[in-house]
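Inspection log for the structure reproduced underneath, given as structure tokens.
The values are calculated or read from the model by the stated rules, or taken from the named source; none is laboratory data. Because the structure is a prediction, the values reported are computed rather than measured. Positions of Cβ are backbone-derived with ideal geometry, glycine not excepted, and every protein chain shown enters the neighbour counts. Side chains are part of the model used for accessible areas, which takes the heavy atoms of the whole protein and leaves out ligands, DNA and RNA. Shrake-Rupley method; radii C 1.70, N 1.55, O 1.52, S 1.80 Å.
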Amino acid sequence: SEPEYPMIDGDDCVENTALFLPNGEHKKGGYRQFFRSLQDAFGNRFLFYLALTYGGLKGTAFSLTTAAMLPYFQGMHVSGSSFQLAGLVSQVPWCMKGWVGVLSDCVPLGRYHKRGYLMQSTVIGIAGVSMLLCVPLEGTPAEVWLVAVLFCAPNIQYSTFDLLCEGKYSEKMRENGSGSEVLTLVWVSVQMGSVVAALLVGTFVDWSGPKPLLAICLPVMLLLAWRTALGDLPEEPARSWRSLRKKLFSEPRLFFLAGSMAAGSLAMAISAATLETGPRAIVALAVSGSLIWWSFRALPCTLARANLYMFLISVAYLDLSGPLAYFYTGAPSCVENGPGFSYSYYLAISNVVGSIGAAMGAVLFQHMQGWQFRSVFCVTTFVQIVASIFDLIIIKRWNIRLGVSDQAMYLFGDAACQSLAAQMALMPCALLTARLCPRGAEATVYAILAGFQNFGMTVGSIFGVQLSQAFGVYASKEGPCDFGELSTIVVLGHFVCPIICLPLVLVLVPVARVDDDGAFNDSSPPPSFRSPAPSPRNSEAWSADGWTQDDIDSPKSTDEYCLMHEEE
């Protein structure tokens, strides 16, 4: 079964570009040189902050929160479709990262650009987790949307820290001319945190339920709040209001796209909670169409076309995580002679094997560096389709006829192959985005396009629920359940729809090799997102007394600068 929402972010775009070099080249040097270069470029305080953010928060806390959702909602007797829609609501902050990035750059909360947003998101996250610990698990299905909003609260913190820390270490990389060592540190931290989370899930979830998993997140959140308040994330005080206002109005189409995506994500979440199947799908189509149309007005044409393809393939692989999760973990009263996996097996052990599968997908992608992007997208789509066969085998119970247990078929087939396929599908999207982003606006466009692909997965989740309900697939933890057409919707959502999108690769994806960075120099124009020059170093910084009169004058300067990054 696929993960609920495999989030894509700007961090992934930068990481995958740096980790997989042409011809398999890697920087040489031992571990001592590796850590020395990190210390020289970033300093010990910031390195510890990054390890805590990506290992403790994004690796461990995010994985624990996601794992806690299934037993939490099943304890509330929520149906499989409602569980999937609740997961959609909880992941909305990941679709709004572009807007958060724009706001943090142009409208600082307090004296610093990022610190205020980090602290406010921490307060929201801690409040959400604390309330989840107080809500009784025996709640009614009518309370599902309240719980979904509470699960959304920690995701606000996770996505905000992920975005703003990625922007800061990318900025430091540019300033110091450092290599990909910090990206390796981030990737290793996330993977180690995920493994720790899997071990904790396996230890607690079957015996103590989901609440201990949420309680473990609180110390990590509090520790990060403390280190953030102490200034472990290095940043200069915000400059004059005039300069910031010129930034805000420097490229209105780009900013409007980020704001529209945030508003569209909220509209999708509200429709999921309040509308029936038909109107919900209409909202999804209307919002998607509007965002696609505006993206062609705000982005360079080549980038807009490639972004459209990546959005469509995110939608086409329909999210069926709700029905599949209930099928695999359903009691005998729900699925007679079914898999009946425990939470520890389904959420913990399989995730460890899935991490290995994801690593294998990354290795396999490295051997595709000389391929064209069009060929890579075709192959990764077919790999996803093949991986879905294991779901079909278990649903039809063919593995039992072959003498293969459900546990073995799922662990070494579904869990490993689905993770491998998901990683292989993610990496060309991330790398193509990195190649096409306009120079001088990388950080902003990364965040916007990452949110666009996450938004596509949200739309895919809406249509996945639509498909399930159209074929009468229904599930609850103890029953009644109807999985009679589950194999049909798997074929339609994981086989037919992705294949339909494949011909579009010939129209929307540029003809270029994965390892040919120079091929995009003409496709991606020079810096086109402009704003006033940075405030001089001797200019008056923000103070508690307010802005100077000069700061609030109307903008007149037409000097250029690189968006989201003030250069000396």
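Could you pull the accessible area for M268 with a 1.4 Å probe, rounded to 10 Å²?
For M268, the solvent-accessible surface is approximately 0 Å².
Could you run the Karplus curve 6.51 cos²θ - 1.76 cosθ + 1.60 with θ = phi - 60° over region 158-170 and give me ³J(HN,Hα) per residue in whole Hz, x for Gly and Pro?
Using θ = phi - 60°, the values come out as 4, 5, 5, 5, 4, 5, 6, 5, 4, x, 6, 6, 5 Hz.
Can you give the extra length, in nm with one decimal, that the chain gains between W398 and V352 once fully stretched, where that is 0.36 nm per residue apart less the Cα-Cα distance?
Here the answer is 14.0 nm.
Send over a whole-number figure in Å² for the accessible area per residue of region 65-216, probe 1.4 Å.
Working: 5010 Å² over 152 residues.
So region 65-216 comes to 33 Å² accessible per residue, rounded to a whole number.
Under a Cβ-Cβ cut-off of 15 Å, what is the net charge of the residues other than G75 that fall near it, where Lys and Arg count +1 and Asp and Glu count -1?
-2
Note down the accessible area of H367, probe 1.4 Å, to the nearest 10 Å².
Ignoring ligands and nucleic acids, H367 comes out at about 140 Å².
Leaving out ligands and nucleic acids, and using a 1.4 Å probe, what accessible area per residue does region 296-428 come to in Å²?
Computed with neighbouring chains in place, this is 36 Å² per residue.
Among M261, M119, M457, what's the order by accessible area (1.4 angstrom probe), most exposed first?
Most to least solvent-accessible, the answer reads M119, M457, M261.
Around A273, what is the net charge, scoring Lys/Arg as +1 and Asp/Glu as -1 over all other residues with Cβ under 14 Å from its Cβ?
Values: positive: R280; negative: E143, E276.
Neighbourhood net charge equals -1.
Hey, with R₀ at 60 Å, roughly what FRET efficiency would R45 and L502 work out to, going by the Cβ-Cβ distance, to 0.05?
After rounding to 0.05, the efficiency reads 0.80.
Of K97/K477; K58/K97; K114/K172; K114/K211; K396/K477, which sit over 22 Å apart, Cα to Cα?
Violating the 22 Å limit, Cα to Cα: K97/K477; K114/K211.
In square angstrom, rounded to the nearest 10, how much accessible surface does W226 have for a 1.4 Å probe?
Its accessible surface works out to 140 Å², give or take rounding.
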